[in-house]
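A short reminder: the numbers here are calculations on the coordinates, not readings from a lab. Keep in mind that this is a model prediction, so the values were computed, not measured. Please note: Cβ atoms are built from the backbone with ideal geometry, for glycine as well, and neighbour counts cover all protein chains shown.
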Amino acid sequence: MTPRLLAPLLLTGLAACTTIPQAGGTGQRPPPRPDVQTQQPPPERPAPPPQTGFLAPQIQQMAGLERVIQRDGATLVRQFGQPRLDVREGDMRKLQFSSTACVLDVFLYPLQQGAEPVATWVDARRASDGQEVDRAACVAALGRR
């Protein structure tokens, strides 16, 4: 056979080996489906982040604070008068009462989700220089005015 006759035969043979893309296709066969028995289970999902729900506050336990701890804001205002500060942040409330003797910061938090905040913690300091003072003594001094 002459090279002139051999070329058309080779081209015809090569053309038979190629695939013609179908409309909308890529011309490639899809990968074979894995056998159902050998298929890997889906990877485990990461654990969801921990739920941050209601956290019950720590309640200060100290002699002499019974008139304050676990009392609501209205009760504290009746006892000590109008607060110098009334600050709210989220479900927290801070009332600050003061006299010439001391400054009392009362922190109120709800004891249960959705409940009214009550006093759970008290800090006290001297009005003159800010030095820490006995909390119960400050409560007593403010209650006498």
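Multiply the residue gap between Arg78 and Ala56 by 0.36 nm, knock off their C-alpha separation, and tell me the result in nm, one decimal place. Display every interim value, and only then the final one.
Values: separation 22, 0.36 × 22 = 7.92 nm, distance 2.60 nm.
Here the answer is 5.3 nm.
Please give, to one decimal in nm, the separation of the simple spin-label points placed at Asp91 and Ser128, each 7 Å out from Cα toward the Cβ. A separation of 4.2 nm, rounded to one decimal place.
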